[in-house]
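A short write-up of the structure that comes next.
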Amino acid sequence: MNSLIPLLIAAPLAGAALLLLGGRALDRFGHWIATALAALSCAFGLVLFFDMLGRDTEHRAVTTRLFSWIPVNGFQADVSFQLDQLSIVFVLLITGVGTLIHLYSVGYMAHDERRRRFFAYLNLFLAAMLILVLADNYLLLYVGWEGVGLASYLLIGFWQHKPSAATAAKKAFIVNRVGDLGLSIAIMLMFAEFGSFAFHPVFSAAGDATEGKLTAIGLMLLLAACGKSAQVPLQSWLGDAMEGPTPVSALIHAATMVTAGVYLITRSSAIFDLAPDAQTAVVVVGAVTLLFGAIVGCAKDDIKKALAGSTMSQIGYMIMAAGLGPVGYAFAIMHLVTHGFFKAGLFLGAGSVMHGMNDEVNMRHYGGLRKYMPWTFWTFMAGYAAIIGFPFLSGFFSKDKIIEAALAKGGTEGWILGGCALLGAAVTAFYMTRVVLLTFFGEKRWQPDAEGNEPHPHESPKTMVIPMVVLTFGSLFAGGLFSLGDSFLNFLEPVTGFEEGHSPLNALTVSAIATVCMAAGVGLAWLMYGRSPVPVKPPVGSLLTRAARRDLLQDDFNHAVLVRPGSALAATLVWFDSKGLDGFVNGLAAAIGGLSGRLRRIQTGYVRTYALSMFGGTLVLVASTLLMRSV
Amino acid sequence: MSYLLSATCAVPAVGAVVTAALPAGTGEARRRTTKAVALGFSVATLGLAAAIAASFQPGGARYQLTESYSWIRSFGIDFSLGADGIGTVLALLTAVLVPLVMLAGWHDADPSAPEGTFESKRRTQGFFALILAVEAMVLVSFLATDVFVFYVFFEAMLIPMYFLIGGFGDRAGGPDSARQRSYAAVKFLLYNLLGGLVMLAAVIGLYVVASDQGLATFSLPALTDAISSGKLVIDPTAQRALFLGFFFAFAVKAPLWPLHTWLPKAMGESTAGTAVLITAVVDKVGTFAMLRFCLGLFPDASKTFAPAILVLSLIGIVYGALVAIGQKDIKRLVAYASISHFGFIIMGIFAMTSQGQSGATLYMVNHGISTAAWMLVAGFLISRRGSRLIADYGGVQKVAPVLAGTFLIGGLATLSLPGLAPFVSEFLVLVGTFTRYPVIGIIATFGIVLAALYSLMLYQRTMTGPVKASVTGMPDLKARELAVVAPLVALTVLLGVYPQPLTRMVDPAVNDTLSQIHRTDPAPAHPVAATTGGEQK
Amino acid sequence: MTSTGEAVQFWVLAVIAVGGALGMLLMKKAVHSALCLAATMLSLAICYLAQGAVFLGVVQIVVYTGAIMMLFLFVVMLVGVTSEDSLKEQLKGQRIGAVLCGLGFGVLLIAGLANARLSHFTGLSEANAEGNVQGLARLIFTKYVWAFEVTGALLITAAIGAMVLTHREKIREPLTQRQLADRRVRDNIQLPPLPAPGVYARHNAVDIPALLPDGTVAEDSVMGTLRERGQIRDVSQEMLQRMAELEESTADWLGRPSSARPQVAGPRQALETVPTPTKEEAE
Amino acid sequence: MNPVNYLYLAALLFTIGASGVVIRRNAIVLFMCVELMLNASNLALVTFSRLHGNLDGQILAFFTMVVAAAEVVVGLAIIVSIFRTRHSASVDDSNLMKL
């Protein structure tokens, strides 16, 4: 059964290779191959899952070693995979949502001439993401980590002829690289400390290391997580990443890849549990991003960017939960899964809307679409209800648990964190309601596109609707299913550990407060956008709104602090290299040339001058001979 | 005594003579014969190099397949060859790259001068003969086990390289390209001659010191054995001076910051194939020699100077990358990227850990392959448009997707994407450095961010965006060009996923080097009992 | 130690030799230098004789002084007997350098000799037992025969070399008188005979060029060789001076006012084609 | 008198000759100076011959004379041909070796 694990990865990898190398011959049906292979991978995942359920708790985790990858004396990196409860959750999420999105893309990308490549990249992404979650050591995880980064780069920049897409892709990759820096330093620290970087040995030896070292490793891992999961301060790439095709945004930048940071922190729980300072940093990052993303989401008029802000914010929840320690790991993962469903559903819905509206993304140019796209509308509403935490839907369960866990932190910290989480919930309700109102309700504010075509909104083809419907089920019922008898918690506990948090408020009260917050957010949004017609031109807005539209000035900050001095430095060095170093060398050459020009004058051409110098030379020779003799 | 090594070195040498002697003429058929003959010799060399690798026993003696012929008896100079893991791997790299470089430069030596101006009728013969000559000399350098023989070929290599750089340029040259080329060639020659001169003094000094103590030989194994066993004692001051003499030559060739300024010029002005020869093959002799000669012959001085050299290489890493970011010329960008990479290689060597040195050796191979892919595709691109300026391109992926794709793979390999070969070596170098010098290791890690910057910026500016008018109608890669790039890409992926064939050959040599200098890897602070799934070698 | 006679002889000869050498060095005219050198060589020849090198002494007189020095004199004649070598130095620092080097060199050589242990002199009585010439001949034709043959070859080569160097290749048949005359007409250069040298009534020497009516020099009137050597005596200025004096006295005689006297133009330009030595002589 | 005095005399003459080469400009005089130097060395050789009591020194002096003769022949021929073309026997006029 273990041999299925490599096959799980091999299927999409083979798909990617086949589609990329296969050439134009595969243009007509390549996308179906890719979808089939994704589904095959998903099937393998399900088989493995049920196989795992069939064993008792102690024997659920299995590893399979393929071959030794980089063996250099003490440095032993293997290509070896570990499938445990945490991994299988991710495997199912990735392959499941991945398959659905493959299917969706068949319809969405039907008219793109480079469709074959798109599917190749999607398959590549699946393979890399599976490597990421199945690796049994950090170095192999790093391969998957950068592999998804590559896939993300290729897919964000899929429409390369658009300069904005190409720039966004590059930006995503480079910001991620900064995060990867953290991961590589963490691996190096582990190797220097433990002589290994495989999960099991490191976690079992973690207790021996000093807290300082563990904190350093933890902070480096956090940096990596920040990069991949778009957390403050490395969040700036996610909004731009929406330049990619919408299925990509749904799969990579909402459901799976961006949650890799949460996976990393949860996976490294053994390290974080022993490094409280690092945990605090994680919590702070999570809480800040939670609010940051939510505020950005409120101001964006671009439907995908609003959803991207939301993604950032929701991942902030997960990171915060993961930072809380064993109290929160399981809930972080649970929220991750439910978020995967409803956010993917929301993005697919957004994609469907764009598909019907000539790829218009500005919500101010939508309005009243519910009549034209009923399927899209209802699936979107399901996702909407789930994300705002409408009672007894997926988001309600997972988010409430996180708020509880935050409050359970205790003391002022607990109140602050809980307060942030509740505030976040209210803001989430506000911006999501705004999205829904602007898109599906109100007047038609449709605008002709650049070529003057009036939009004719229509429902999307079946291949797009079916995935949305399937995801709707996940959005509606996954949370409830997981919470039924704490099944999810019990399943994950052997990996992540769990301890009951002691919240100052009981669960019911928390739920009630959260629901009230949610209702307040929805109400405020309705007051602002539901009652009165929405202007097509965005109003100037307050200072905060304007800042939020610019991603709270993150890009400006980066530009001023990093990009501009960086390029100035590069320019200075280029100058220094040609004028300084090379100038020195050339100057030396010129000096020697000048000197020989002077010396050349000694060569007067007069025989007698030469004779004199010979005479002088003889003199010196005789003198030195005599001198040597006398010495 | 097997003749495999000498045969491997002799085949390209004979090939160079034969190619040069082929009948001149400007006809297409004549030229094709010439090219086919040269390519045939290089492929034969590849076969022989593969035979060396195949018959190499990783567990056996340090130097295998040794041969020795007396040369200058009165100075104890023998023409002796021997293959160790490091040399074998690099010889194989050379043998792989040369046929590809020839294929890539298939038309680089076709008559280019306008009708009526003077141009040699033996241009094609000369070009291919020179490439073969370089190959022969590089192979001898990698396989020589005699310090003097190494020195002679290390220096002699400059002659054909000089003519390759000065005589053959790409289509992108401006009106004064000939002048620029000869400037580049002279600069290349002067820099390297200066280094070689200093080295010659050190070689003689070494001989004097050794013969004073009754060891009148240039044989590397004999000298290193005597030094590591304490039979030959070089006093510290002399050792430092000799070390610097050797190191200077290698640092110029490698090149190490701040001795690098010849490289961008030489790579920028020559053809893409020549640039690959420079950076992927000839420069490797420098780093290879640091590992084999500097460390083995002067262990104490190496340890003394290691921190300073590490700092220089660190500067090189960051500096090269930053300057690459600011470049406007594609080939110069690749050259500066190479400077950054050479920083990594030197850093790995002088970190003096097994990971660092294995990583550095792998890095030499991987950098050779990946840069060759990147540079040759860049060369194809330049040959289509006739400009080296980044600003002249844009949107190429739309018209030539395969070209763009391979260019991207080259770029990704350069930025050390995991799964591609350079990642393995770069990570090993970083880990190896980090375990001994944590701060330097961490700063060097920043190099990976900068690498991503220059590599992706180059791709973005040339390949993406709207199709520029000057690019429209640009043909995609032709079969010949694909035949050049495909093996390189395949190797990049293969060695990234399964580098074991190389590490198995390199590791014993590296361990031997480390034991010669009496260095062991720093032990982890809290070692875990069993490593990952375990199988220790 | 040598006999007193030889000592006296040495001191006398040494003074002559050194004096001759210095004379050669300092004399302006090459002829004088040559004669001084001959004196030195002769005294050296006697020194050779005194030291038992009879053969060499004779060779020195016959070959050196007799043949080589005469060759020198021939060449000096060819180039110009009276040509003087200006002792004014033109190269900067040359003379100072030469003096310093010379002094240093001399001091060093003499110091080196003084430091050498040369007290024991074997003398040649034994070697010259069967006669100096015989002794030399024995060596030359046995031990040094190869060198001797080579010197022979050298001499022949030198002789041929000298001939080749001084030989002028005849490129075409020499022109006849008629052809020469025709060419002069064709080229229109100096058809009438050249002017005769000398200023009649004043000078009639061949090295004094004739004067043209305006008082300038007619260079053609002097033979080419003299012109080349710069051995021309230009008397034009002097003549003009005379003319002016004559005018003056005539005017006095006629009682003309001085203002009405015809002005003699200022000094005419000097001879243009005069080679450098003449200029130096003027200095 | 010590025969070493002959050597001193030779040294003196040699020095005068060498200085003459450097000082004088007339090529013929210059040649004479060279001859003087050769003569000085001949004197030294003859004296050495006497000092050692064998004739090898005289043989050497003899060869010197022969060579000097050859040299003078060629040298003077050169001077004559130079004079013919450049109308001067001053060595300073022949600075054509200068670039």
Test each condition in (1) in contact with a helix residue (DSSP H, G or I) (Cβ under 8 Å, 6 or more places away or on another chain); (2) open to solvent by 20 Å² or more (accessible area, probe 1.4 Å) for B:P175 and report the one that comes out false. (1)
Condition test on B:P466, is it surrounded by fewer than 16 Cβ atoms within 10 Å (Cβ to Cβ), in contact with a helix residue (DSSP H, G or I) (Cβ under 8 Å, 6 or more places away or on another chain) and at the interface with chain A (Cβ under 8 Å from one of its Cβ atoms)? yes
Among the residues of segment C:11-27, is any part of a helix (DSSP H, G or I), at pLDDT 90 or above, crowded, with 16+ Cβ neighbours inside 10 Å and aromatic (F, W, Y)? no
Among the residues of segment B:255-265, are any in contact (Cβ under 8 Å) with a residue 40 or more places away in the chain, hydrophobic (A, V, I, L, M, F, W, C) and away from chain A (no Cβ under 14 Å)? no
Within segment C:119-145, the residues that are surrounded by 12 or more Cβ atoms within 10 Å (Cβ to Cβ), under 40 Å from the mean Cα position of the chain (by Cα) and of a type in the set (F, W, Y) are C:Y144
In segment B:348-379, the residues that are hydrophobic (A, V, I, L, M, F, W, C) and more than 19 Å from B:D507 (Cβ to Cβ): B:I369, B:A372, B:A373, B:W374, B:M375, B:L376, B:V377, B:A378
Residue ranges of helices (runs of 4 or more DSSP H) in segment A:1-116 with at least 1 members charged (D, E, K, R) and either more than 12 Å from every other protein chain (Cβ to nearest Cβ) or more than 27 Å from the chain's Cα centre (by Cα) (or both): A:30-53
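Restricting attention to segment B:5-36, report how many residues are in a helix (DSSP H, G or I) and either among the small types (G, A, S) or open to solvent by 40 Å² or more (accessible area, probe 1.4 Å) (or both).
Taking segment B:5-36 and keeping what is in a helix (DSSP H, G or I), we get B:5-21, B:28-36.
Within this subset, residues satisfying the condition of being either among the small types (G, A, S) or open to solvent by 40 Å² or more (accessible area, probe 1.4 Å) (or both) are B:6-7, B:10, B:13-18, B:20-21, B:28-30, B:32-33, B:36.
Of the residues in segment B:5-36, 17 are in a helix (DSSP H, G or I) and either among the small types (G, A, S) or open to solvent by 40 Å² or more (accessible area, probe 1.4 Å) (or both).
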Could you pull out the residue among A:L527, A:L484 that is without any contact (Cβ under 8 Å) to a residue 24 or more places away in the chain, over 30 Å from the mean Cα position of the chain (by Cα), within 30 Å of A:R267 (Cα to Cα) and open to solvent by 80 Å² or more (accessible area, probe 1.4 Å)? A:L484
Among A:E404, A:E413, the single one that is in a helix (DSSP H, G or I), modelled with pLDDT under 90, under 27 Å from the mean Cα position of the chain (by Cα) and more than 18 Å from A:L251 (Cα to Cα) is A:E404
Please give the number of the condition B:I409 fails out of (1) within 23 Å of B:A280 (Cα to Cα); (2) open to solvent by less than 10 Å² (accessible area, probe 1.4 Å). (2)
Name the residue that is surrounded by the most Cβ atoms within 10 Å (Cβ to Cβ), counting only residues in segment B:379-401 that are among the β-branched types (V, I, T) and closer than 25 Å to A:S164 by Cβ. B:V396
Just one of (1) surrounded by 12 or more Cβ atoms within 10 Å (Cβ to Cβ); (2) within 14 Å of chain D (Cβ to nearest Cβ); (3) not in a helix (DSSP H, G or I) trips up A:L619, so point out which. (3)
At pLDDT 90 or above, more than 30 Å from B:Q460 (Cα to Cα) and more than 8 Å from chain B (Cβ to nearest Cβ), is that true of A:Y121? no
Could you identify the single residue in D:L55, D:L51 that is open to solvent by less than 20 Å² (accessible area, probe 1.4 Å), more than 12 Å from chain A (Cβ to nearest Cβ) and touching a Lys or Arg at 6+ places or on another chain (Cβ under 9 Å)? D:L55
Taking segment C:56-82 as the search range and keeping residues that are facing another protein chain (nearest Cβ under 7 Å) and either modelled with pLDDT of 90 or more or surrounded by fewer than 20 Cβ atoms within 10 Å (Cβ to Cβ) (or both), which one is nearest to the chain's Cα centre (by Cα)? C:L78
When restricted to C:E219, C:E228, the only residue in contact with a His (Cβ under 6 Å, 6 or more places away or on another chain) and surrounded by 13 or more Cβ atoms within 10 Å (Cβ to Cβ) is C:E228
What number of residues in segment B:204-247 are over 21 Å from B:A83 (Cα atoms), part of a loop (DSSP other than H, G, I, E, B) and open to solvent by less than 70 Å² (accessible area, probe 1.4 Å)? 6
Could you say which residue among D:I78, D:I82 is out of contact with any Leu (no Cβ under 9 Å at 6 or more places or on another chain) and either surrounded by fewer than 21 Cβ atoms within 10 Å (Cβ to Cβ) or charged (D, E, K, R) (or both)? D:I82
If the requirement is being buried (at least 21 other Cβ atoms within 10 Å of the Cβ), of a type outside the set (D, E), at pLDDT 90 or above and under 30 Å from C:L139 (Cβ atoms), which of these qualifies: D:L43, D:L60? D:L43
Given (1) at the interface with chain B (Cβ under 8 Å from one of its Cβ atoms); (2) touching a residue at least 24 places away in the same chain (Cβ under 8 Å); (3) crowded, with 22+ Cβ neighbours inside 10 Å; (4) assigned to a helix (DSSP H, G or I), identify the lone condition not met by A:G147. (2)
Considering segment B:428-447, residues that are at the interface with chain A (Cβ under 7 Å from one of its Cβ atoms) and surrounded by 24 or more Cβ atoms within 10 Å (Cβ to Cβ), and then whichever is nearest to B:T492 (Cα to Cα), we arrive at B:L428
Which of the residues belonging to segment A:489-516 are open to solvent by less than 30 Å² (accessible area, probe 1.4 Å) and closer than 24 Å to A:A385 by Cα? A:L489, A:V510, A:S511, A:A514
Test: A:P245 is out of contact with any strand residue (DSSP E or B) (no Cβ under 7 Å at 6 or more places or on another chain), away from chain B (no Cβ under 14 Å) and open to solvent by 30 Å² or more (accessible area, probe 1.4 Å): no
Could you list, in sequence order, all residues of segment C:33-49 that are open to solvent by 20 Å² or more (accessible area, probe 1.4 Å) and either facing another protein chain (nearest Cβ under 9 Å) or modelled with pLDDT under 90 (or both)? C:C36
Condition check for A:E454: free of Cβ contacts under 8 Å to residues at least 60 places away in the same chain and either surrounded by 17 or more Cβ atoms within 10 Å (Cβ to Cβ) or of a type in the set (D, E) (or both): yes
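Can you tell which of A:A192, A:A198, A:A205 is at the interface with chain B (Cβ under 7 Å from one of its Cβ atoms) and over 24 Å from B:L417 (Cα atoms)?
Details: A:A192 fails: over 24 Å from B:L417 (Cα atoms); A:A198 fails: over 24 Å from B:L417 (Cα atoms).
Step by step, each of A:A192, A:A198, A:A205 is checked, and only A:A205 is at the interface with chain B (Cβ under 7 Å from one of its Cβ atoms) and over 24 Å from B:L417 (Cα atoms).
The values are calculated or read from the model by the stated rules, or taken from the named source; none is laboratory data. Note that the structure is a prediction, hence the values are computed from the model and not measured. So basically every Cβ, Gly included, is an ideal-geometry build from the backbone, and we count neighbours across all protein chains shown. Side chains are part of the model used for accessible areas, which takes the heavy atoms of the whole protein and leaves out ligands, DNA and RNA. Shrake-Rupley method; radii C 1.70, N 1.55, O 1.52, S 1.80 Å.
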